[in-house]
Amino acid sequence: MRLKSTERAPDEQKRNFLKIMGTLIIGVGMVGTLRSVVQYIIPPSTQAETSFPVLTLVLANGNPIHTSDLIVNNSATVTFDYPLQGEPNFLLRLGDSGNTDVKIPPSKVSIPSTGGSYQSPGGVGPYGSVVAASAICEHLGCVPPEIKFFPPSSSTTPGKIHCSCHGSTYDPYSGFSVVTGPTRIPLPSLVLSYDSTQDTYAATMMVGPTLYGHTSDLSGGNAITTKGTVVSTT
Ligand code: FES
């Protein structure tokens, strides 16, 4: 039996409605796929810094670290991120072979790759023995645990930072300068400030070569959005 035109109308409307919905769903799916492809080709922009942040060094519980939290010649690796997220730095309280604090003076650090030089900041804290520098090897970018500090009492590379990836060695007692290659670039130093009234520490800026893998220390990553940067021990 043929349906009257007035009886077909609801079915046609339903078909048209389903067609439109189908087209919309396919369209939304294509937009989503296209967005994924574009984001793959052009990564989402990241929030960079425009100037070096001043960040208090804090424990995992958010409390500022004090000198007594730092072990002289600690054989464990103590790091914190700076100036951007995911960029580890060594935090060292340096001592002699008897584990007595050693005052680290500012020093002229040579850059073998360029023939240039710069002034390292020296140590801070009550004994002038606390220093920090990038923990990203300037040769090809290895990070802890491949690159680590060996205390003066160690049988291998005593008092040096050694990278096991290809054997580069740096001297934290003289501005994290190059001791042995293949690296031809020192580890960039951090300028720390020390508040003697509170016995607290803060990271304020970096000096020396640009961080490995970056065209600038303040781009190529995400800013640390908290007022402190967490010090962790591994
Ligand atoms: S990455 Fe450290 S020595 Fe090569």
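The values are calculated or read from the model by the stated rules, or taken from the named source; none is laboratory data. Here the structure is a predicted model, which means the values were calculated and not measured. Note that we place each Cβ from the backbone using ideal geometry, even for glycine, and neighbour counts take in every protein chain shown.
For region 157-169, which positions are part of a loop (DSSP other than H, G, I, E, B) and within 15 Å of the ligand (Cβ to nearest atom)? Give the derivation first.
Within region 157-169, the subset part of a loop (DSSP other than H, G, I, E, B) is 157-159, 164-168.
Matches in region 157-169: Thr157, Ser164, Cys165, His166, Gly167, Ser168.
Within region 83-96, the set of residues being modelled with pLDDT of 95 or more and surrounded by 20 or more Cβ atoms within 10 Å (Cβ to Cβ) comprises Asn89, Phe90, Leu91, Leu92, Arg93, Leu94, Gly95. The condition (being more than 16 Å from Ala203 (Cα to Cα) and not charged (D, E, K, R)) is satisfied by just one residue among Ser134, Ser110: Ser110.
Mind counting the residues in region 185-215 that are in a loop (DSSP other than H, G, I, E, B) and touching a residue at least 12 places away in the same chain (Cβ under 8 Å)? Explain how you work it out, then say what you get.
Step one: list which residues in region 185-215 are in a loop (DSSP other than H, G, I, E, B), which gives 185-188, 196-199, 208-215.
Checking which are touching a residue at least 12 places away in the same chain (Cβ under 8 Å) leaves us with 185-188, 196, 198-199, 208-213.
Number satisfying all stated conditions: 13.
For the structure I just gave you, tell me whether Asn99 is surrounded by fewer than 20 Cβ atoms within 10 Å (Cβ to Cβ), in a loop (DSSP other than H, G, I, E, B), at pLDDT 95 or above and in the same structural domain as Leu190 (by TED's automatic domain parsing). Yes; evaluated as a whole, the condition is true for this residue.
Screening region 170-184 for residues that are farther than 12 Å from Tyr118 by Cα and in a loop (DSSP other than H, G, I, E, B) and picking the one that is farthest from the ligand (Cβ to nearest atom) gives Arg184. Report yes if Pro152 is away from the ligand (no atom under 12 Å from the Cβ), part of a loop (DSSP other than H, G, I, E, B) and crowded, with 18+ Cβ neighbours inside 10 Å, otherwise no. Against the criterion (away from the ligand (no atom under 12 Å from the Cβ), part of a loop (DSSP other than H, G, I, E, B) and crowded, with 18+ Cβ neighbours inside 10 Å), Pro152 does not qualify.
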